[in-house]
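Student: Sharing a structure, written as structure tokens. Questions coming.
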Amino acid sequence: MEAENHIFQTTGNRPTSVVADLSTATGREMLLRACPAPDILITNNGGPEPGSIKEWTLERWEEALNANMLAAIMMIQSVVKGMQDRSFGRIVNITSAMVKTPRLPLGLSTAARAGLTAFAKALSVDVVRNNVTINNVLPERIETDRLVYMTGQYAKSRGIEYTQARKEMVRPIPARRFGTPEEFAAACTFLCSVQSGYITGQNLQVDGGAYSGLI
């Protein structure tokens, strides 16, 4: 509701908002009833908590795969044919920097999101001829509620104060700061634009230079 009111106050147009769990078929149906023929789809979902491989039962794996891979794939499958028929579509999956730099404590999230990344790459090659692009945006330490939670978990695991944990989490980032939601939104906006029509099947890292690899 806060985002809806902000958009209305900024633009004068009130968006249609849907409150639903997109990890369920019912939730996805609710969203598609509100917007049955979207030109833009951005998929996102909260990731599972960090943990230990000793704790990851089959049920935990199934929950992670449903939330962070299958929910997005089901949404994509529901809308991509219409995008092809209309000769325009932009699909952006918000995944994680851990897709390219896996860390075992985030293994549930990493494995599921890597699966989504593979599916998106394969599909992107097939639909780009219809002016439908599929890309992934990989955040690393963006200043959100999720980061606040992760910082608190890090502080707890290390037995240190929150402010110290925050300093330690910033240190590996060459930009020496966390990213802002506005910066992240700008990256998504570009990939959803007409100007990005020749970019598809890519993983754009929004990480302040944290990724140390060449490609």
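The values are calculated or read from the model by the stated rules, or taken from the named source; none is laboratory data. If you're wondering where the values come from, they're calculated on a predicted model, not measured in any experiment. No Cβ is skipped: glycine too gets one built from the backbone with ideal geometry, and neighbour counts run over all protein chains shown. Protein only, heavy atoms only, side chains kept; ligands, DNA and RNA dropped before computing areas. Shrake-Rupley method; radii C 1.70, N 1.55, O 1.52, S 1.80 Å.
Student: Collect the residues in segment 139-174 that are within 23 Å of ILE94 (Cα to Cα), surrounded by 13 or more Cβ atoms within 10 Å (Cβ to Cβ) and either among the aliphatic types (A, V, I, L, M) or in contact with a Lys or Arg (Cβ under 7 Å, 6 or more places away or on another chain) (or both), keeping them in residue-number order.
Tutor: Correct list: ILE142, LEU147, MET150, THR151, MET169, VAL170, ILE173.
Student: OK, next. Just to be sure I understand, how many residues within segment 1-49 are in contact (Cβ under 8 Å) with a residue 60 or more places away in the chain and among the hydrophobic types (A, V, I, L, M, F, W, C)?
Tutor: 2
Student: Another question, if that's okay. Can you name the residue in segment 2-41 that is aliphatic (A, V, I, L, M) and open to solvent by 80 Å² or more (accessible area, probe 1.4 Å) and is also nearest to VAL79 (Cα to Cα) among such residues? Give the steps one after another, and end with the answer.
Tutor: Restricting attention to segment 2-41, the residues satisfying the condition of being aliphatic (A, V, I, L, M) are 3, 7, 18-20, 22, 25, 30-32, 34, 37, 40-41.
Within this subset, residues satisfying the condition of being open to solvent by 80 Å² or more (accessible area, probe 1.4 Å) are 19, 40.
Numbers: VAL19: 19, ILE40: 9 Å.
Checking each candidate, the answer is ILE40.
Student: With the structure loaded, tell me whether ARG113 is assigned to a helix (DSSP H, G or I), in contact with a Ser or Thr (Cβ under 6 Å, 6 or more places away or on another chain) and open to solvent by less than 70 Å² (accessible area, probe 1.4 Å) or whether it fails that test. So that I can check it myself, show each step before the final result.
Tutor: Values: assigned to a helix (DSSP H, G or I): yes; in contact with a Ser or Thr (Cβ under 6 Å, 6 or more places away or on another chain): yes; open to solvent by less than 70 Å² (accessible area, probe 1.4 Å): yes.
Yes.
Student: Go over the candidates ARG166, ARG176 one by one and state the one that is more than 20 Å from SER109 (Cα to Cα), of a type outside the set (A, V, I, L, M), modelled with pLDDT of 95 or more and not in a helix (DSSP H, G or I).
Tutor: Details: ARG166 fails: not in a helix (DSSP H, G or I).
The conditions single out ARG176.
Student: Which condition number in (1) in the same structural domain as GLN195 (by the TED database); (2) under 30 Å from SER157 (Cα atoms); (3) small (Gly, Ala, Ser) is the one that ALA71 fails?
Tutor: (2)
Student: Based on this model, can you work out whether PRO48 counts as touching a Lys or Arg at 6+ places or on another chain (Cβ under 8 Å) and surrounded by 13 or more Cβ atoms within 10 Å (Cβ to Cβ)?
Tutor: On the way: touching a Lys or Arg at 6+ places or on another chain (Cβ under 8 Å): yes; surrounded by 13 or more Cβ atoms within 10 Å (Cβ to Cβ): yes.
Yes.
Student: I need a count of the residues in segment 116-134 that are open to solvent by 10 Å² or more (accessible area, probe 1.4 Å), part of a helix (DSSP H, G or I), in contact (Cβ under 8 Å) with a residue 12 or more places away in the chain and not aliphatic (A, V, I, L, M). Spell out the reasoning first.
Tutor: Start the filter on segment 116-134 by keeping residues that are open to solvent by 10 Å² or more (accessible area, probe 1.4 Å), which leaves 117-119, 121-123, 125-126, 128-131.
If we keep only those that are part of a helix (DSSP H, G or I) as well, we get 117-119, 121-123, 125-126, 128-130.
Narrowing further to those that are in contact (Cβ under 8 Å) with a residue 12 or more places away in the chain: 117, 119, 121, 123, 125, 128, 130.
Among the residues that remain, those that are also not aliphatic (A, V, I, L, M) are: 117, 119, 121, 130.
Qualifying residue count for the region: 4.
Student: Here are the criteria: (1) β-branched (Val, Ile, Thr); (2) within 27 Å of TYR154 (Cβ to Cβ); (3) buried (at least 18 other Cβ atoms within 10 Å of the Cβ). Tell me which single one ILE53 does not satisfy.
Tutor: Every condition holds for ILE53 apart from (3).
Student: If you don't mind, there's one more thing I want to ask. Just the residues that are open to solvent by less than 60 Å² (accessible area, probe 1.4 Å) and either in contact with a Ser or Thr (Cβ under 9 Å, 6 or more places away or on another chain) or in a loop (DSSP other than H, G, I, E, B) (or both), please, taken from segment 182-198.
Tutor: If the condition is that a residue be open to solvent by less than 60 Å² (accessible area, probe 1.4 Å) and either in contact with a Ser or Thr (Cβ under 9 Å, 6 or more places away or on another chain) or in a loop (DSSP other than H, G, I, E, B) (or both), then PHE184, LEU191, CYS192, SER193, SER196, GLY197 are the ones that fit.
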